[in-house]
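Novice: For reference, the structure I am asking about is given below.
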Amino acid sequence: MKGIFALFKGLWITLKHNVKNVAHNTFTVQYPDEKRDLPPRARWALRLQRHEDGLERCIACQLCAAICPSEAIYIEGGENPLDNPVSKGERYAAVWMWDAARCIYCGFCVEACPDEVIVMSDVYELATDSREKLIWDKDRLFVPPGVQPRQAWLGYYRRAEDLDGKPLEFPARLHEKEMEYARAKEEPKKFEEKKEFMFLEGEYEELIKKENRT
């Protein structure tokens with residue numbers, strides 16, 4: 001008798017939800033003609049951000065590759081050319097590769113990145129007919145110039161009160177100082193005259209203290 005009661009109880013729950021869906025016109029999304037709007041913090045394909053001026057945010061520190069539990073990220077750093085810089089630091093990512101097949105979409109790389117380069121996007125259509133197409137290079141990962149960068153969750157320098165939707169620019173200011181330092185080294189006389197370029201011994205700490213006070 002209990003079994004029959006449980007059977008009818010299950011049928012009643014199913015019927016109740018069917019009537020509710022019909023009454024509210026709720027049906028299965030007709031994919032791919034229709035697609036759902038994903039939440040802002042959707043964790044799908046990685047994208048790499050740029051600065052507002054179009055320069056790459058990545059400085060090839062490789063913290064993301066080091067923390068990735070599935071070793072899905074591969075980076076080769078290169079010396080940033082002073083006459084035609086690619087990023088704002090002394091180095092830039094000459095090679096940046098992401099293996100979508102190995103990635104477990106945990107978001108560790110996003111939180112490890114000190115420059116808020118990496119964001120997880122709402123691009124979820126990753127199916128393909130070959131494994132090679134699941135390996136994304138720089139051309140596919142970096143957003144086009146002109147796309148405004150956005151906040152990358154609680155990143156390395158991020159504080160809870162800084163959740164304003166915009167990426168932090170504090171690391172970029174340090175990298176600009178690095179570039180001034182590198183350019184000064186190209187001119188030994190100028191380098192000796194301007195001791196303030198030795199910011200790594202004192203000014204770096206002052207910048208951090210100032211940033212923490214503001």
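Novice: Somewhere in segment 66-77, is a residue within 17 Å of residue 172 (Cα to Cα) and not assigned by TED's automatic domain parsing to the domain that holds residue 175? If you could, list the steps in order and put the result at the bottom.
Specialist: Our first condition is that a residue be within 17 Å of residue 172 (Cα to Cα); within segment 66-77, this holds for none.
Scanning segment 66-77, I find no residue that is within 17 Å of residue 172 (Cα to Cα) and not assigned by TED's automatic domain parsing to the domain that holds residue 175, so the answer is no.
Novice: Let me ask something else. Right, residue 92: hydroxyl-bearing (Ser, Thr, Tyr) and over 14 Å from residue 115 (Cβ atoms) or not?
Specialist: Numbers: hydroxyl-bearing (Ser, Thr, Tyr): yes; over 14 Å from residue 115 (Cβ atoms): no.
It is false that residue 92 is hydroxyl-bearing (Ser, Thr, Tyr) and over 14 Å from residue 115 (Cβ atoms).
Novice: Now for a separate question. Take the residues of segment 14-24 that are surrounded by 10 or more Cβ atoms within 10 Å (Cβ to Cβ) and of a type in the set (A, V, I, L, M): which is nearest to the chain's Cα centre (by Cα)?
Specialist: 22
Novice: I want to confirm something. Restricting to segment 106-136 and keeping residues that are crowded, with 16+ Cβ neighbours inside 10 Å and β-branched (Val, Ile, Thr), which single residue is nearest to residue 68 (Cα to Cα)?
Specialist: Per the stated criteria, the residue is 110.
Novice: Among the residues of segment 75-121, count how many are under 17 Å from the mean Cα position of the chain (by Cα), part of a strand (DSSP E or B) and within 16 Å of residue 137 (Cβ to Cβ).
Specialist: Number satisfying all stated conditions: 9.
Novice: Of the residues 89, 54, which single one is exposed (fewer than 13 other Cβ atoms within 10 Å of the Cβ) and in the same structural domain as residue 144 (by TED's automatic domain parsing)?
Specialist: Numbers: 89 fails: exposed (fewer than 13 other Cβ atoms within 10 Å of the Cβ).
One residue alone meets the criteria, 54.
Novice: Quick check: anything in segment 28-47 surrounded by 21 or more Cβ atoms within 10 Å (Cβ to Cβ) and either touching a residue at least 24 places away in the same chain (Cβ under 8 Å) or in contact with a helix residue (DSSP H, G or I) (Cβ under 7 Å, 6 or more places away or on another chain) (or both)?
Specialist: To start, the set of residues in segment 28-47 that are surrounded by 21 or more Cβ atoms within 10 Å (Cβ to Cβ) comprises 46.
Then drop every residue that is not either touching a residue at least 24 places away in the same chain (Cβ under 8 Å) or in contact with a helix residue (DSSP H, G or I) (Cβ under 7 Å, 6 or more places away or on another chain) (or both), which leaves 46.
Looking through segment 28-47, at least one residue is surrounded by 21 or more Cβ atoms within 10 Å (Cβ to Cβ) and either touching a residue at least 24 places away in the same chain (Cβ under 8 Å) or in contact with a helix residue (DSSP H, G or I) (Cβ under 7 Å, 6 or more places away or on another chain) (or both).
Novice: Only one of 80, 18, 84, 25 is farther than 28 Å from residue 106 by Cβ and in contact with a strand residue (DSSP E or B) (Cβ under 8 Å, 6 or more places away or on another chain); which?
Specialist: Details: 18 fails: in contact with a strand residue (DSSP E or B) (Cβ under 8 Å, 6 or more places away or on another chain); 84 fails: in contact with a strand residue (DSSP E or B) (Cβ under 8 Å, 6 or more places away or on another chain); 25 fails: in contact with a strand residue (DSSP E or B) (Cβ under 8 Å, 6 or more places away or on another chain).
Only one candidate qualifies: 80.
Novice: Which of the numbered conditions does residue 7 fail, given that it passes all the others? Conditions: (1) outside the structural domain of residue 142 (by TED's automatic domain parsing); (2) part of a helix (DSSP H, G or I); (3) surrounded by 12 or more Cβ atoms within 10 Å (Cβ to Cβ); (4) among the aliphatic types (A, V, I, L, M).
Specialist: The failed condition is (3).
Novice: Residues of segment 29-81 being aromatic (Phe, Trp, Tyr) and within 27 Å of residue 145 (Cβ to Cβ), which ones? Let's see the steps before the verdict.
Specialist: In the first step, residues of segment 29-81 are kept if they are aromatic (Phe, Trp, Tyr); the result is 31, 44, 74.
Within segment 29-81, 44, 74 qualify.
Novice: Of the residues 69, 32, 39, which single one is at pLDDT 95 or above and assigned to a loop (DSSP other than H, G, I, E, B)? Spell out the reasoning first.
Specialist: Values: 32 fails: at pLDDT 95 or above; 39 fails: at pLDDT 95 or above.
Answer to the check: 69.
The values are calculated or read from the model by the stated rules, or taken from the named source; none is laboratory data. Quantities reported herein were computed from a predicted structural model and do not represent experimental measurements. Note that we place each Cβ from the backbone using ideal geometry, even for glycine, and neighbour counts take in every protein chain shown.
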